[in-house]
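As structure tokens, the structure follows; a few thoughts come after it.
The values are calculated or read from the model by the stated rules, or taken from the named source; none is laboratory data. Please read all numbers here as calculations on a predicted model, not as lab measurements. Note that we place each Cβ from the backbone using ideal geometry, even for glycine, and neighbour counts take in every protein chain shown.
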Amino acid sequence: MVSEAPSTLRRLRGAVTAPRAAGVAGILSALLLTAVILLLRSGLGAPPTLELLTAGSSTLDPGQIRVGLALMPYVAITFIWFMGVVRMNFSDPANQLFGTVFLATGVLLLATLLVSSGLASGVLELRDQDLVGREAAIWMGGAGVFELLFGVAPRMAGGFILITANLLRRVRIMPRWMTVISVVLGLLLLFGVRRIDWTVLSLPAWVAMVSVLILSRERVPRPDPDGPGASARTT
């Protein structure tokens, strides 16, 4: 039994380190996503409309938009770490259905963001080319980017927030007041993204809030394996 103590200690340390690292990754994801949103919106120069991605628009700042699009893959990587640590809390078979919906919604959200960023990069490249049919291609690409970024992605984010808040409440991790805030933000993204400006910032704000909650839970004191009573536990 004594020989099992080192391996037990390693498992305990791993259990503490992984959620903590993923919580930090969640905060980093929130910061990166906020930077992407600010860069894209400031690069557009006005509230997003379909005309802003057309060839005749003079309000675009392609440099800022390209920086924002280049950061999108890093948003996806850190967001996957955030999803991983949240998923660790749904081991109960009763929550498997909600856990599947949680994973599917998160993956679809990331896929939407990555596809839209790739399409937007293509539209920006077309603006600098003198090709036949360029105007029609830019308009079609701009319409697709607009619908993905300001229509599909925010609604997927709203659904992700609602299902995750429900799951975290079911496993008694998220307090009631935070659940209420999550429901409000989720409904705002689902139904108010086209009506209220800067609503898209609700997602990074919520990710940062949940990441802080995860980190605060990891700061709760745990029994010291080498402290008093350790010999009794290992014999």
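Being free of Cβ contacts under 8 Å to residues at least 40 places away in the same chain and hydrophobic (A, V, I, L, M, F, W, C) is a description that applies to residue 184.
I'd like to know if segment 126-146 contains one or more residues that are exposed (fewer than 14 other Cβ atoms within 10 Å of the Cβ), out of contact with any Gly (no Cβ under 9 Å at 6 or more places or on another chain) and modelled with pLDDT of 75 or more. For segment 126-146, residues exposed (fewer than 14 other Cβ atoms within 10 Å of the Cβ), out of contact with any Gly (no Cβ under 9 Å at 6 or more places or on another chain) and modelled with pLDDT of 75 or more: absent.
Among the residues making up segment 163-179, those that are out of contact with any Ser or Thr (no Cβ under 7 Å at 6 or more places or on another chain) and part of a helix (DSSP H, G or I) are 164, 166, 167, 168, 170, 176, 177, 178, 179. Just one of the listed residues (213, 168, 190, 201) is in contact with a Lys or Arg (Cβ under 6 Å, 6 or more places away or on another chain) and at pLDDT 85 or above, and it is 190.
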